[in-house]
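The values are calculated or read from the model by the stated rules, or taken from the named source; none is laboratory data. Source: prediction; values computed, not measured. Positions of Cβ are generated from backbone atoms using ideal geometry, with glycine treated the same way; all protein chains shown enter the neighbour counts.
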Amino acid sequence: MVYTMLDKATLLPDLLRRLDKLPQGHALDLRTYKRNRSVLIRRIGADAFDVTEDGFQKERFQVPFSGLKKLLKVLFKREFPRSTKIRLYALGAADGDDLPTGRKVI
């Protein structure tokens, strides 16, 4: 699992570039600094993504790459309203049951 901190101002273009290159079955986990809210993005097909929101609201979306930018803008405003830095975890190949849930323990 690879971890980086990204500035919220440059997060969306950088994230879309990473998601475009993401292999099928791999996932990215975006969390606040306190790790209490997250947005999990997993590639499930050539042009399909499974987005799980776990924070103020708990929802699950399945969208194509073309609809990802609009959805992520809405989710970032809702889940990371005052954050300036976002934690990005590259989870690698993970099945739906293997993905982390809840607060990450150090």
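For the reader, a short list of remarks on this structure follows.
- Thr10 satisfies every condition listed in (1) polar (S, T, N, Q); (2) touching a residue at least 12 places away in the same chain (Cβ under 8 Å); (3) surrounded by fewer than 16 Cβ atoms within 10 Å (Cβ to Cβ) except (2).
- Leading residue by the ranking (farthest from the chain's Cα centre (by Cα)) among those in the range 85-95 that are of a type outside the set (A, V, I, L, M, F, W, C) and at pLDDT 90 or above: Lys85
- Applying the condition of being outside any helix (DSSP H, G or I) and charged (D, E, K, R) to the range 67-85 and asking which residue is nearest to Leu12 (Cα to Cα) yields Lys85.
- Taken as a whole, the condition of being more than 21 Å from Arg82 (Cα to Cα) and in contact with an Asp or Glu (Cβ under 9 Å, 6 or more places away or on another chain) does not apply to Arg18.
- Matching residues, the range 19-66, being surrounded by fewer than 14 Cβ atoms within 10 Å (Cβ to Cβ) and assigned to a helix (DSSP H, G or I): Asp20, Lys21, Ser66
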